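What follows is a set of notes on a single structure, which appears directly below.
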Amino acid sequence: MQNLDIITENQKLVLEILELNNFNKLKDFISFIEIPIFFLNNTNFDLLITALFLNCSLKIVKLIYNNCNYNTLNYVVNYSYHLYEKTNIKNKENVNDIDNSKELININNCIKSPLLVSLENSDFQIVEFLIKKGADIFYKINNKYILEILREEELLTTKKLNFLLKNGFSLKKFDIERLSNFEFKYIRMCLENYVFDTNFIKNLLNLYMNGKCISKRNFNHIINAEKNKIIIEKWNIFINITIQHFNKKPFYDFFNFIINNDSILPFSKEYAIEEIEIIIQNKKLKMVQLIKNNDTLKLEAFLRKNNYIINNLYSSENEILNLINDYNASSSVVYLLQKNFLNQNSDEDTINL
């Protein structure tokens, strides 16, 4: 039998064992195989990533890692789960029942690293093991950070981000401008961690545990040095990119976050207040234009989309009444204004102009 045939046959056998998640069978397979187990790995098939895809146990993951001589865990394979084409194999009796196998290839996103797959599966025990063995949180796949890929796949959660933040992820090595596409809850977590990250907290705890005395002046100096570690140039880039989302809620939330945390961020509260005022003024101008045009459909969509800021646009009944009178609003527009600003659940037919 040719070497390639031997490798292909053994790939099929080990794949069946991994699908069963059977540690003892895998251990026996490794002991009796005629070639080194790591010979089965290539650019289209990888034992470790396949095991991770199949949600194999940590014991199996460790067994594969210890027997495959991985020089690094920062690598990718093109096709993480090797599917054998029935038409290309003569002895079809030995082929896995592919039709009933778990389909693991996403044709548009088939390039995977071990850490990415384990995070996709939310297996934090294995993620921790991989990180300890050298898997880099900042490893890029197609010039994208793993964090970005998880967001694009809609697999990013606050639990995953919190785990990464506790295990070394920081904005120090992450391009801040890339955060502009993330939901604000993730931006906030990264900002809060960046100002007083885990390493900083550990250093303070070590001072305490070792009984080292430190003056109030020196303590304040340490705190201020930690606050000032943010690179202002990068923040300016981040703001410039975020401004593209001018009418979106994350931007509004971001400035509110600055207002409530101005002492730990390189922006003043006054700056954030001014920016929020600009947002409000722009939205008021947009709303007035819709009322002026008696564009009921677009006005309804505008009010629904901006419900988070409605109360900041017009706060008094007189302001709303003036809008209605100044622009001779139609009954349907009046109804929308009453419903959203005056909290009146009136029926449109009963409104008196």
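The values are calculated or read from the model by the stated rules, or taken from the named source; none is laboratory data. Remember, it's a predicted structure, so these values are computed and weren't measured experimentally. Note that we place each Cβ from the backbone using ideal geometry, even for glycine, and neighbour counts take in every protein chain shown. Remember, those area values only see protein heavy atoms, side chains included, never the ligands or the DNA or RNA. Shrake-Rupley method; radii C 1.70, N 1.55, O 1.52, S 1.80 Å.
Assorted remarks:
- Restricting the stretch 105-168 to trypsin sites (Lys or Arg not before Pro) in coil, as DSSP defines it, with at most 10 other Cβ within 10 Å: none
- Integer Hz, Karplus 6.51/-1.76/1.60 couplings in order for the stretch 65-70, x for Gly and Pro: 4, 6, 10, 10, 6, 6
- Solvent-accessible area per residue in the stretch 1-62 equals 52 Å², computed with a 1.4 angstrom probe and all protein chains kept.
- In this structure, the amide hydrogen of K112, modeled 1.01 Å from its nitrogen in the peptide plane, lies closer than 5 angstrom to those of V77, counting only residues at least 5 positions away or on a different chain.
- In Hz, Karplus ³J(HN,Hα) per residue of the stretch 25-35 (6.51, -1.76, 1.60; θ = phi - 60°; x = Gly, Pro): 5, 5, 4, 5, 4, 5, 6, 9, 5, 7, 10
- Pairwise label distance in nanometres, K25 with E317, each label 7 Å out on the Cα-Cβ vector: 7.5 nm
- For the stretch 331-336, 3J(HN,Hα) per residue [Karplus equation, 6.51 cos²θ - 1.76 cosθ + 1.60, θ = phi - 60°, Hz, x = Gly/Pro]: 4, 5, 5, 4, 4, 5
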